[in-house]
Amino acid sequence: MMLDIKNLHVHYGGIHALKGVDIQVEEGKIITIIGSNGAGKSTLLNALSGVIKCSEGTIEFLGQPLPRKPNRIVSAGISQVPEGRLIFVNLSVEENLRMGAFLRNDKAAIEEDFAKVYEIFPRLLERKDQIAGTLSGGEQQMLAMGRGLMSDPRLILLDEPSLGLAPMLVNTIFDVILDFKALGKTILLVEQNAYKALSIADYAYVLEQGKIVMEGDAPMVAKNPDIQQAYLGKRRT
Amino acid sequence: MEKFIQFLINGIAIGSIYALMTVGYSLVYSIMNFSNFAHGGVIMLGSYFGFFAITILKAPFWLAALIAMTGTTLLAVVIERLAYDPLRRRQAPSLYYIISAMGISIFLENIVLATLGADFRNYPPLFQTSGFYIGGISIGKLDVLILVVGTISLFGLMWLIEKTKIGLAIRATSFNLRAANLMGVNTEFVIFVVFGLGGLLAGLAGVMYGLRYTVWPQMGLITNKAFVAAVFGGLGSLPGAIVGAISLGIIEAMATGYISSNLRDLIAFVLLVTILVVRPSGIMGKATEDKA
Ligand SMILES: Nc1ncnc2c1ncn2[C@@H]1O[C@H](COP(=O)(O)OP(=O)(O)OP(=O)(O)O)[C@@H](O)[C@H]1O
Ligand SMILES: [Mg+2]
């Protein structure tokens, strides 16, 4: 297993946000976690990135205990494309991408990754000198995803990449996720758009109120009547 | 005209001391979004460190400055660890930081009052007597020293911020701490460095201020001027802080020279209020809602 999470608990003061979560991520796969607002999806990704502390549980990455500090975690090969994008609005597109490669010193390989990102997102190449804050919402999401690639991660955590985007763009973003997979990246995708997420994922977990309530191969989960009713907007017949 | 030029040079000299005080304050603000009122206490202690280095150890200027800067750097970093780090761990709102900062400032002031008394102390005259005369303008040696040392330090700082990796980390953290963290920037270390840099320059400012004026326990109050300068330039913007501080120095020198030294501070604070009304983000500031 590339990533092995066992019995993970997170508290925010008195709020018990994750209540013993077990998740496994296999290398080269797209794993999705679906769940409604407040289920604890972002909490899980932030715990993996080390920006919030876990109160209990273990996380192993590539057979080693996951480092604690966010910078060590990025070096170990995990990057996060956060909810709300969090791009650097007063830096240019190119500078934002460069920030993604902050911990790297391999100049030649960084340039190759720039080329890869611009190939996936030609729109970013056209706008490489533009100040990121002036990009449209969709372009900002592309920038955030491109930046997430620039640390040359083995595992990419995506937090609701389709949030607030028009349907056309949502399709583009999901195609990009498949491009990432084709590059050999492993993907942990958190989504509320369960329909799209399940259509590209290999394996799925359903998170409700801090607990995994169901897991299985993505097509199986998509066929489950409870899931169809709760997340796919279908009525039980 | 000669008078004007002389006031201008005085103003730039004192303005560069304000700039050294202001940048530390502004750097901390840009990353942590609160006004570090403890900075005044650090400058004050720096001034005392320099004073005792010169009077007791008979140190020359450069050694006194070095001793003071070492002391204030350590002090600033220790304050961050003891007073602010615990708040950050609890994600406390910025009001808590301000209260903590004020507490530290009062604590430092009273420690000095209790141990050294309330006297004003004058540095031995290392520089002021002789000056340069160019045309009809006389420039004190001390002002020249302040200008040179101030300019070198400020350019050094700008270089560090604009051209180095740690500088990039500082800028990224000031734009968005959480995002910087996710990019692998060690934001804990950035905060440590920022307090250290602020302390370093505070020590230098303290010694030069003491040399030019005097040292006393409440001298931390002059950081109000650093605050004015930072707001004037735009809180959180480093070039803004420097421009603001030097402008303030010039305005003060002009007010002293042409009007009255009694009105100097009044003019400075009227300026602050006016700027806040006319242009709340300052001349080069980043727009934020909460200017605590
Ligand atoms: N910093 C915080 N302090 C206190 N409670 C928090 C904090 N962040 C999240 N929570 C709480 O933890 C729970 C899980 O939040 P989380 O953001 O992980 O949900 P989510 O599944 O990502 O939701 P969404 O789909 O709306 O993004 C929620 O009840 C939320 O209110
Ligand atoms: Mg979320």
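The values are calculated or read from the model by the stated rules, or taken from the named source; none is laboratory data. Bear in mind that the values here come from a model prediction, so they are computed numbers and not experimental data. Here the Cβ positions follow ideal geometry from the backbone for every residue, glycine too, while neighbour counts run over all protein chains shown. Surface areas here come from the heavy atoms of the whole protein model, side chains and all, with no ligands, DNA or RNA. Shrake-Rupley method; radii C 1.70, N 1.55, O 1.52, S 1.80 Å.
State all residues of region A:88-99 that are part of a helix (DSSP H, G or I) and farther than 15 Å from B:LEU182 by Cα; if no residue qualifies, say none. Walk me through how you get there before you give the answer.
Here is the first cut: in region A:88-99, the ones part of a helix (DSSP H, G or I) are A:93-99.
Of everything in region A:88-99, those that are part of a helix (DSSP H, G or I) and farther than 15 Å from B:LEU182 by Cα turn out to be A:VAL93, A:GLU94, A:GLU95.
Being of a type in the set (Lys, Arg) and open to solvent by 80 Å² or more (accessible area, probe 1.4 Å) narrows it down to one residue among A:LYS69, A:LYS128; which is it?
Of A:LYS69, A:LYS128, the one residue that is of a type in the set (Lys, Arg) and open to solvent by 80 Å² or more (accessible area, probe 1.4 Å) is A:LYS69.
(1) part of a helix (DSSP H, G or I); (2) more than 14 Å from every other protein chain (Cβ to nearest Cβ): which one isn't true of B:SER138, the others all being true?
All conditions are met except number (1).
So which of A:SER36, A:SER49, A:SER75 ends up being buried (at least 16 other Cβ atoms within 10 Å of the Cβ), hydroxyl-bearing (Ser, Thr, Tyr) and either within 16 Å of ligand 2 (Cβ to nearest atom) or at pLDDT 95 or above (or both)? Break it down stepwise before answering.
Details: A:SER36 fails: buried (at least 16 other Cβ atoms within 10 Å of the Cβ); A:SER75 fails: buried (at least 16 other Cβ atoms within 10 Å of the Cβ).
One residue alone meets the criteria, A:SER49.
Exactly one condition in (1) within 14 Å of another protein chain (Cβ to nearest Cβ); (2) over 25 Å from A:ALA17 (Cα atoms); (3) free of Cβ contacts under 8 Å to residues at least 40 places away in the same chain is not met by A:ARG123; state its number.
All conditions pass for A:ARG123, except number (1).
Which residue, of B:SER35, B:SER30, B:SER94, is in contact with a Ser or Thr (Cβ under 7 Å, 6 or more places away or on another chain) and more than 19 Å from B:GLY203 (Cβ to Cβ)? Break it down stepwise before answering.
On the way: B:SER35 fails: in contact with a Ser or Thr (Cβ under 7 Å, 6 or more places away or on another chain); B:SER94 fails: in contact with a Ser or Thr (Cβ under 7 Å, 6 or more places away or on another chain).
Selected residue: B:SER30, the only one of B:SER35, B:SER30, B:SER94 that is in contact with a Ser or Thr (Cβ under 7 Å, 6 or more places away or on another chain) and more than 19 Å from B:GLY203 (Cβ to Cβ).
It is to be established whether one or more residues within region A:104-111 are over 19 Å from B:ARG178 (Cα atoms), assigned by TED's automatic domain parsing to the domain that holds A:SER36 and surrounded by fewer than 19 Cβ atoms within 10 Å (Cβ to Cβ).
No; the residues of region A:104-111 include none that is over 19 Å from B:ARG178 (Cα atoms), assigned by TED's automatic domain parsing to the domain that holds A:SER36 and surrounded by fewer than 19 Cβ atoms within 10 Å (Cβ to Cβ).
Identify all residues within region A:60-87 that are of a type in the set (A, V, I, L, M, F, W, C) and either away from ligand 1 (no atom under 16 Å from the Cβ) or part of a loop (DSSP other than H, G, I, E, B) (or both); write none if there are none.
Let us first name the residues in region A:60-87 that are of a type in the set (A, V, I, L, M, F, W, C), namely A:61-62, A:66, A:73-74, A:76, A:78, A:81, A:86-87.
Passing the criteria: A:PHE61, A:LEU62, A:LEU66, A:ILE73, A:VAL74, A:ALA76, A:ILE78, A:LEU86, A:ILE87.
Within region A:24-33, track down each residue that is of a type outside the set (S, T, N, Q) and within 16 Å of ligand 2 (Cβ to nearest atom).
The one that is of a type outside the set (S, T, N, Q) and within 16 Å of ligand 2 (Cβ to nearest atom): A:ILE33.
Looking at the structure I just gave you, is A:VAL25 open to solvent by less than 80 Å² (accessible area, probe 1.4 Å), out of contact with any Gly (no Cβ under 8 Å at 6 or more places or on another chain) and away from ligand 1 (no atom under 16 Å from the Cβ)?
So A:VAL25 fits the description; yes.
Tell me whether region A:2-19 contains one or more residues that are part of a loop (DSSP other than H, G, I, E, B), in contact with a strand residue (DSSP E or B) (Cβ under 9 Å, 6 or more places away or on another chain) and within 12 Å of ligand 1 (Cβ to nearest atom).
No; the residues of region A:2-19 include none that is part of a loop (DSSP other than H, G, I, E, B), in contact with a strand residue (DSSP E or B) (Cβ under 9 Å, 6 or more places away or on another chain) and within 12 Å of ligand 1 (Cβ to nearest atom).
Kindly indicate whether any position in region B:192-214 is away from chain A (no Cβ under 14 Å), more than 19 Å from B:SER35 (Cβ to Cβ) and in contact with a strand residue (DSSP E or B) (Cβ under 7 Å, 6 or more places away or on another chain).
Yes, region B:192-214 has at least one match.
Quick check on A:LEU3: is it more than 16 Å from ligand 2 (Cβ to nearest atom) and more than 16 Å from the chain's Cα centre (by Cα)?
Considered against the rule, which asks whether it is more than 16 Å from ligand 2 (Cβ to nearest atom) and more than 16 Å from the chain's Cα centre (by Cα), A:LEU3 comes out as no.
Report, by residue number, each residue of region A:30-48 that is in contact with a Phe, Trp or Tyr (Cβ under 9 Å, 6 or more places away or on another chain), farther than 26 Å from A:ASN71 by Cβ and not aliphatic (A, V, I, L, M).
Listed by number, the residues that qualify are A:THR32, A:GLY35, A:SER36.
Six or more apart or on different chains, Cβ under 8 Å: which pairs go from a residue in region A:78-104 that's more than 8 Å from every other protein chain (Cβ to nearest Cβ) to one that's acidic (Asp, Glu) and in a strand (DSSP E or B)? Could you list them?
A:VAL81/A:ASP159; A:GLU83/A:ASP159
In region A:7-17, is there at least one residue being in contact with a Ser or Thr (Cβ under 7 Å, 6 or more places away or on another chain), of a type in the set (A, V, I, L, M, F, W, C), in the same structural domain as A:LEU189 (by TED's automatic domain parsing) and within 13 Å of A:VAL190 (Cβ to Cβ)?
no
Do the conditions hold for B:VAL190, that is, is it under 30 Å from A:GLY100 (Cβ atoms), of a type in the set (Val, Ile, Thr) and either surrounded by fewer than 24 Cβ atoms within 10 Å (Cβ to Cβ) or in contact with a helix residue (DSSP H, G or I) (Cβ under 7 Å, 6 or more places away or on another chain) (or both)?
So B:VAL190 fits the description; yes.
Determine whether region A:169-178 contains at least one residue that is β-branched (Val, Ile, Thr) and under 22 Å from B:ARG178 (Cα atoms).
no
What residue, of B:ALA19, B:ALA64, B:ALA83, is of a type in the set (Gly, Ala, Ser), open to solvent by less than 10 Å² (accessible area, probe 1.4 Å) and more than 14 Å from the chain's Cα centre (by Cα)?
One residue alone meets the criteria, B:ALA64.
Determine whether B:GLU188 is more than 22 Å from the chain's Cα centre (by Cα), within 14 Å of chain A (Cβ to nearest Cβ) and in a helix (DSSP H, G or I).
yes
Say whether the condition of being within 14 Å of chain B (Cβ to nearest Cβ), closer than 23 Å to A:THR43 by Cβ, of a type in the set (Val, Ile, Thr) and away from ligand 2 (no atom under 14 Å from the Cβ) is met by at least one residue in region A:173-191.
So far as region A:173-191 goes, no, none of its residues is within 14 Å of chain B (Cβ to nearest Cβ), closer than 23 Å to A:THR43 by Cβ, of a type in the set (Val, Ile, Thr) and away from ligand 2 (no atom under 14 Å from the Cβ).
Criterion first (more than 16 Å from ligand 2 (Cβ to nearest atom) and crowded, with 16+ Cβ neighbours inside 10 Å) does B:ALA53 satisfy it? Break it down into steps so the answer makes sense when it comes.
On the way: more than 16 Å from ligand 2 (Cβ to nearest atom): yes; crowded, with 16+ Cβ neighbours inside 10 Å: yes.
Judged against the criteria, B:ALA53 is a match.
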